[in-house]
Amino acid sequence: AQTVTQSQPEMSVQEAETVTLSCTYDTSESNYYLFWYKQPPSRQMILVIRQEAYKQQNATENRFSVNFQKAAKSFSLKISDSQLGDTAMYFCAFMKRGLANTGKLIFGQGTTLQVKP
Amino acid sequence: DAGVTQSPTHLIKTRGQQVTLRCSPKSGHDTVSWYQQALGQGPQFIFQYYEEEERQRGNFPDRFSGHQFPNYSSELNVNALLLGDSALYLCASSPEYPANLYGYTFGSGTRLTVV
């Protein structure tokens, strides 16, 4: 069975600074996807960034980038130039890759990020 | 283009009662998944529906059941409610392919409180 672990329950960062959220996972699968989702107080889970395990290049989306270390089973999220709107709970998630979309998302426990002015 | 719509947004039920939650997927999406998110925790997968059939199920008891209609909308039913069923219930939709590439689109959830 796959597990996802986020060891930082809460983090804070000053506006415009950089912060890194940690995530580790455990799986015996070789083909899978990893995601970071953001959940603001509005409760809607919003996709931040995704990484395909077979790609060695780290994914980037504007101010968001990941450090994907497949051998170490580590998938951290770096937020650059933090903005007040980045305040939210962040979840790391794993999905097994398959021929058909039968994949379920397995989430970590979440990290609450507060961006301070 | 409407995203995923869930109703109701909040619900209070008494222990032992039954509840039905509803979800309309994003336009163009035909697969619906349901998740339970306890307060301060990550979402837990309940089940997934595609072509009106339950395709995959998480570790939830039979009190949790669902349905998908021909228009791809879905319902989550919970019988014999327990206090521990209090949670945010999230619906997520995706196209059959390539959901793996883009992940899921989530609704804002239904907050269920069992008293």
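Some points to look at:
- Here is the figure for region B:16-63: residues that are surrounded by fewer than 18 Cβ atoms within 10 Å (Cβ to Cβ), within 8 Å of chain A (Cβ to nearest Cβ), in a loop (DSSP other than H, G, I, E, B) and not small (Gly, Ala, Ser) total 1.
- Residue check for B:Tyr72: buried (at least 22 other Cβ atoms within 10 Å of the Cβ) and away from chain A (no Cβ under 11 Å): no
- If you check A:Ala71, A:Ala93 for being surrounded by fewer than 16 Cβ atoms within 10 Å (Cβ to Cβ) and not hydroxyl-bearing (Ser, Thr, Tyr), only one passes: A:Ala71.
- Region A:1-48 - residue that is touching a strand residue (DSSP E or B) at 6+ places or on another chain (Cβ under 6 Å) and of a type in the set (Gly, Ala, Ser) and, of those, farthest from the other protein chains (Cβ to nearest Cβ): A:Ser12
- Residue within region B:64-82 that is hydroxyl-bearing (Ser, Thr, Tyr), free of Cβ contacts under 8 Å to residues at least 40 places away in the same chain and outside any loop (DSSP other than H, G, I, E, B) present: yes
- Selection count where residues are surrounded by fewer than 21 Cβ atoms within 10 Å (Cβ to Cβ), under 22 Å from B:Ile46 (Cβ atoms) and touching a Ser or Thr at 6+ places or on another chain (Cβ under 8 Å), scope region A:102-117: 1
- Within region A:22-61, the only residue that satisfies the criterion of being assigned to a loop (DSSP other than H, G, I, E, B), modelled with pLDDT of 95 or more and not small (Gly, Ala, Ser) is A:Cys23.
- Criterion applied to B:Thr9, B:Thr31, B:Thr5 was being at pLDDT 95 or above, within 16 Å of the chain's Cα centre (by Cα) and over 20 Å from B:Val114 (Cβ atoms), and the one residue passing it is B:Thr5.
- Members of region B:14-27 that are over 11 Å from the mean Cα position of the chain (by Cα) and either polar (S, T, N, Q) or under 11 Å from B:Asn79 (Cα atoms) (or both): B:Thr14, B:Arg15, B:Gly16, B:Gln17, B:Gln18, B:Val19, B:Ser27
The values are calculated or read from the model by the stated rules, or taken from the named source; none is laboratory data. Given the structure is predicted, the values throughout are model-derived calculations rather than measurements. FYI the Cβ positions are ideal-geometry reconstructions off the backbone, even for glycines, and counts take in every protein chain you see.
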